[in-house]
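Comments concern the structure below.
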């Protein structure tokens, strides 16, 4: 139940940030969406790590860390529409990739 609430909150943050970017407004007025996006994402990541000790040695866990670092870096730069779409597409592709790819251990 908690994971579903976190996923829903995360999507609200994604859609909110997307709306702000696509409407041409400044991200400065969208801190609530940004906090929801990152906070719920961190919660999802923590639950995934708790349920799978190898999470950060697998493709999905490392990809989530890379996305988090990229989002944090983009927060201090001009966060363009292209970057938003790129992150969204990569996130969807990784999230819905076959389990044999997502759970492949890299380390």
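The values are calculated or read from the model by the stated rules, or taken from the named source; none is laboratory data. Please read these numbers as outputs of a predicted model, since none were measured by experiment. Note that we place each Cβ from the backbone using ideal geometry, even for glycine, and neighbour counts take in every protein chain shown.
Which ones in segment 25-46 are under 14 Å from the mean Cα position of the chain (by Cα) and over 18 Å from residue 96 (Cα atoms)? If you could, list the steps in order and put the result at the bottom.
Applying the first criterion (under 14 Å from the mean Cα position of the chain (by Cα)) to segment 25-46 yields 33-46.
Answer for segment 25-46, where residues must be under 14 Å from the mean Cα position of the chain (by Cα) and over 18 Å from residue 96 (Cα atoms): 33, 34, 35, 36, 37, 38, 39, 40, 42, 43, 46.
Being modelled with pLDDT of 90 or more and either more than 17 Å from residue 30 (Cβ to Cβ) or touching a strand residue (DSSP E or B) at 6+ places or on another chain (Cβ under 8 Å) (or both) is the filter here; which residues of segment 68-89 pass it?
89
Quick one: which of 40, 63 is within 16 Å of residue 16 (Cα to Cα) and touching a helix residue (DSSP H, G or I) at 6+ places or on another chain (Cβ under 6 Å)? If you could, list the steps in order and put the result at the bottom.
On the way: 63 fails: within 16 Å of residue 16 (Cα to Cα).
On inspection, the qualifying residue turns out to be 40.
Residue 1: loosely packed, with under 12 Cβ neighbours inside 10 Å and more than 15 Å from residue 74 (Cα to Cα), yes or no?
yes
Would you check if there is a residue in segment 2-9 being in contact with a helix residue (DSSP H, G or I) (Cβ under 9 Å, 6 or more places away or on another chain) and not in a helix (DSSP H, G or I)?
Within segment 2-9, none of the residues are in contact with a helix residue (DSSP H, G or I) (Cβ under 9 Å, 6 or more places away or on another chain) and not in a helix (DSSP H, G or I).
Here are some residues: 76, 33. Which one is in contact with a helix residue (DSSP H, G or I) (Cβ under 8 Å, 6 or more places away or on another chain) and farther than 17 Å from residue 90 by Cα?
On inspection, the qualifying residue turns out to be 33.
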